[in-house]
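The values are calculated or read from the model by the stated rules, or taken from the named source; none is laboratory data. The structure displayed is predicted, hence computed values, not measured ones. Every residue, glycine as well, gets a Cβ built from its backbone with ideal geometry; the counts of neighbours run over all protein chains shown.
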Amino acid sequence: MKRLLLGVVPTLLLVPAAAAAQVNLGAHIGWGDEADFAFGARLTANSPWVDPAIEFSGSFDYFFPEKPPSTEDVEYWEVNLNAVYRIPIDHPSLSPYAGAGVNIARSTIDSASQTDVGANLLAGVKYVAGPVVPFGELRVELGGGDQFVLAGGLLFNLWAGN
């Protein structure tokens, strides 16, 4: 019984917090100064249990880098996990943000692969005026991908808590 209570009580405490969260899923295109054009997917969730102005974001970017001479196959992708602070401004629809996070970059040239981990510094803006949210973002990767990335896309509201 004690184990059951230890499992159920924390879960019940998290349910109201999760119900208050807003979750978005979307797609984006990007350009990196080292890896060229990219397609990607993104998942975001705010954190009303910590601070409503803080949002967590995870993204996957698949890049199409230029193939160096004398190589047959080049593949490059990144995973980014970030926390951002939504900067309060006096505009009902614009939502600028800035933050930092972790970057995991994986490159494969022919059969040799390498994975690097680094940090992200990022800033962007969302246009929040309905269930579809356009956004633009600038990301500087320190280590990991070690590049400058511009991205823009659309987020779709999956869950809007209370």
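Screening Thr115 against (1) free of Cβ contacts under 8 Å to residues at least 60 places away in the same chain; (2) surrounded by 13 or more Cβ atoms within 10 Å (Cβ to Cβ) leaves a single unmet condition, (2).
Note on the range 35-52: residues that are more than 16 Å from Gly101 (Cα to Cα) and either surrounded by fewer than 18 Cβ atoms within 10 Å (Cβ to Cβ) or over 16 Å from the mean Cα position of the chain (by Cα) (or both) amount to 10. For Val15, the test of being at pLDDT 95 or above and either among the β-branched types (Val, Ile, Thr) or exposed (fewer than 15 other Cβ atoms within 10 Å of the Cβ) (or both) is failed.
Where residues in the range 82-136 are of a type in the set (Val, Ile, Thr) and touching a Pro at 6+ places or on another chain (Cβ under 9 Å), which of them is farthest from Gly32 (Cα to Cα)?
Among those that are of a type in the set (Val, Ile, Thr) and touching a Pro at 6+ places or on another chain (Cβ under 9 Å), it is Ile89.
Of the numbered criteria (1) of a type in the set (S, T, N, Q); (2) surrounded by fewer than 16 Cβ atoms within 10 Å (Cβ to Cβ); (3) touching a residue at least 24 places away in the same chain (Cβ under 8 Å), the one Asn103 fails is (2).
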